[in-house]
Structures are given as structure tokens and as C-alpha cells.
1. Working carefully through the options Leu35, Leu62, find the one that is farther than 18 Å from Ala135 by Cα, of a type in the set (A, V, I, L, M) and not in a helix (DSSP H, G or I).
2. Test Ile65 against the stated conditions and say whether it is at pLDDT 95 or above, touching a strand residue (DSSP E or B) at 6+ places or on another chain (Cβ under 8 Å) and surrounded by fewer than 20 Cβ atoms within 10 Å (Cβ to Cβ).
3. Quick one: Met184 ticks every box in (1) out of contact with any Gly (no Cβ under 6 Å at 6 or more places or on another chain); (2) of a type outside the set (S, T, N, Q); (3) surrounded by 14 or more Cβ atoms within 10 Å (Cβ to Cβ); (4) modelled with pLDDT under 95 except a single one, so which number is it?
4. Please pick out the residue among Leu80, Leu100 that is modelled with pLDDT of 95 or more and closer than 24 Å to Glu177 by Cα.
5. Just one of the numbered conditions (1) in contact (Cβ under 8 Å) with a residue 60 or more places away in the chain; (2) in contact with a helix residue (DSSP H, G or I) (Cβ under 7 Å, 6 or more places away or on another chain); (3) closer than 16 Å to Val142 by Cα is not true of Ala31; which one?
6. Of all the residues that make up the stretch 134-162, how many are among the hydrophobic types (A, V, I, L, M, F, W, C), modelled with pLDDT of 90 or more and assigned to a strand (DSSP E or B)?
7. Regarding the stretch 2-13, can at least one residue be identified that is at pLDDT below 95, crowded, with 21+ Cβ neighbours inside 10 Å and either farther than 22 Å from Ala132 by Cβ or touching a helix residue (DSSP H, G or I) at 6+ places or on another chain (Cβ under 8 Å) (or both)?
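The values are calculated or read from the model by the stated rules, or taken from the named source; none is laboratory data. Model, not experiment: these values are computed from the prediction. Glycine also receives a Cβ, built like all others from the backbone with ideal geometry; neighbour counts cover every protein chain displayed.
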Amino acid sequence: MKLCIRVPVRNDLHPELARWLASVARGSPSADIGLTHTFGYGIAEGRNIITQEFKATDCTHLWMIDSDVVPPGNLNILDLVEEHPVVAAPYRTFKDGAILWQVYCAGGMSGEMQLYRCIPSNEWPKGRPFWAPVAGTGCMIVRRDVFERVGYTPWKFKRAFVDGIFRLSGEDFDFCEQTGGVMMDPEYICEHYREIPLNRVKGVQA
């Protein structure tokens, strides 16, 4: 296994992530680690740029980490990547007025569009990896053969009508649907350092 670690940087790189990357570079000198400046590009465009950079390397796995997401101080998640083509780590985010986990399961249909709901941590299987249809791509490892199958520009926003309202589903939802889901490591929880307007927070998911 040879890792290509890429961080899309649109604004600032969190200092804890910078320290984490430096630690990985010291411990894994063969890893191809880089920051991809995506200012001026959309989220999906930025991820496509990263994927093209990965294509040009001889690495076997692409590890995408958002610039405000900090993984734990170990690389235990790599134990899963040989067996599973797409592996992700859970982290929280602010969505629809609540702080929720970026781990999703099917939540019904709206016409031909699959809807999802966030899975609270008390519903995760204890102490073992579990499969999820969709996860956030803020800390995700993808094996090269996945891109060979779905293409090296897979990131896009899928347009759909939901209850009569035109919406854009996230590029992470669309990508996971193309790949057939993702294996989650419930022990490898990342910190997400995102500014949240506290006057808009309605709740925090377990």
C-alpha cells in the first residue's frame, strides 16, 4: 500500500492538522502528502482536482482530509483499507440547525431520489467497523480501483426535486452512491473544527 494524502485548502489549514500531517510524514516517508489549493473552485471541482493529482501518482490509495478536520493521533484506520475499497472516519458537522454525525443510512424515497438520515453514535455497532450507504468525505480513503471503475472525475452535485423544491445533494452523497457505500471505523473519530453560529443550534446528536 502506498498512500497519497491530499488536503483541499480553500481558506486556512487548521494548525492541529498541520501537526498531524507532519507526524505522518515522519512516520511514513513513502507517503505522498500534499496540500491542494482549491480557492476559487467549488467543492466538487476541488475534489476532482485532487483525484486527478492522485491519478498521476503511483499510489494505491487516496486519503482525502478536509482542512478543518483532524484525525486521531494514530493510523489505525489503515487496518481496514486492504479489505475494503472505501473507508471513512466519522466526524460531526452542523446541518439543518443541529450538530450531527456525517454518517447516513437510507431514510425513504422522494420520487426516484433516495433520502438519508444521520445515524447517531448510539446506533453504531459497538467496537467494530460497519457499512454505511453514505458518509462525509472529510476523512475518507479510496482505493485506486474504485476510481478506475467510476472514473477520475467522479465528484459532482446531483440535481433533484425533493417535495417540489429544487435542491442540490452533496458531492459526498453522489460519490458514495456510485461506489456502493463505505466502511466506517467507529473508533477513528475525527475532530471537525468548524465555526458554528450558536444562535442557530437547535440540538446535538448523540
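1. Details: Leu62 fails: farther than 18 Å from Ala135 by Cα.
Being farther than 18 Å from Ala135 by Cα, of a type in the set (A, V, I, L, M) and not in a helix (DSSP H, G or I) holds for just one of Leu35, Leu62, which is Leu35.
2. Details: at pLDDT 95 or above: yes; touching a strand residue (DSSP E or B) at 6+ places or on another chain (Cβ under 8 Å): yes; surrounded by fewer than 20 Cβ atoms within 10 Å (Cβ to Cβ): no.
Taking the combined requirement at face value, the residue does not satisfy it.
3. (4)
4. Numbers: Leu100 fails: modelled with pLDDT of 95 or more.
Answer to the check: Leu80.
5. (1)
6. 6
7. yes
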